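Below is one structure; the comments refer to it alone.
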Amino acid sequence: RAQRLECDARGLAASLRGIGTGAQPPLHEALARVRAPVLLVVGKEDPKFRGIADDLAKRLPNARVAVIAGAGHAVHLEARAAFLDLVRAFLEETRTSNP
């Protein structure tokens, strides 16, 4: 969080304009065609993206949502160990179920 608070406002604005959610085309209709396993990881303190993850999980045929307590929007930075544990377990499960 401290690192994010040090970000330059111009850089953040440029990032949002270039790759923010408002700059990306909606692909909701295509989600039903994704057959790969999907793990959607969100922080418990980020209700907006928890809702988005829940919606995506309903649209993706082989998806699940994992919620990490004590983390917000930057879950991969705020709870790095828990995030890595989840991703490693998901990859191992995926590897063993789809050799």
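Quick one: accessible surface of Asp54, probe radius 1.4 Å, all protein chains present, in square angstrom to the nearest 10.
Estimated to the nearest 10 Å², Asp54 gives 50 Å².
Keeping all protein chains in place and using 1.4 angstrom, which order do His73, His28 fall into by accessible surface area, from largest down?
Largest accessible area first, the list is His73, His28.
Comparing Pro26, Pro61, Pro37, which has the greatest mean-square fluctuation in the GNM of the chain with Cα pairs linked when under 10 Å apart?
Answer for the Gaussian network model of the chain: Pro26.
Which option, [x] 38, 30, 21; [y] 45, 33, 24; [z] 40, 26, 23, is the value of Cα extents along the principal axes in Å that was calculated from these coordinates?
Computing Cα extents along the principal axes in Å and matching it to [x] 38, 30, 21; [y] 45, 33, 24; [z] 40, 26, 23 gives [y].
Subtract the Cα-Cα distance of Lys58 and Arg80 from 0.36 nm times their separation in residues, and report this length gain in nm to one decimal.
Contour length minus the Cα-Cα distance gives 5.3 nm.
With runs of 4+ DSSP H residues as the only contributors, calculate the mean residue ellipticity of the chain at 222 nm using -39,500 (n - 2.57) per run, divided by the residue total and rounded to the nearest 500. List each step's numbers first, then the result.
Values: 5 runs with 50 residues, N = 99.
After summing the helix terms and dividing by residue count, I get -15000 deg cm²/dmol.
The values are calculated or read from the model by the stated rules, or taken from the named source; none is laboratory data. Everything quoted here is computed from the prediction, not taken from an experiment. With ligands, DNA and RNA removed, areas are computed over all heavy atoms of the protein, side chains included. Shrake-Rupley method; radii C 1.70, N 1.55, O 1.52, S 1.80 Å.
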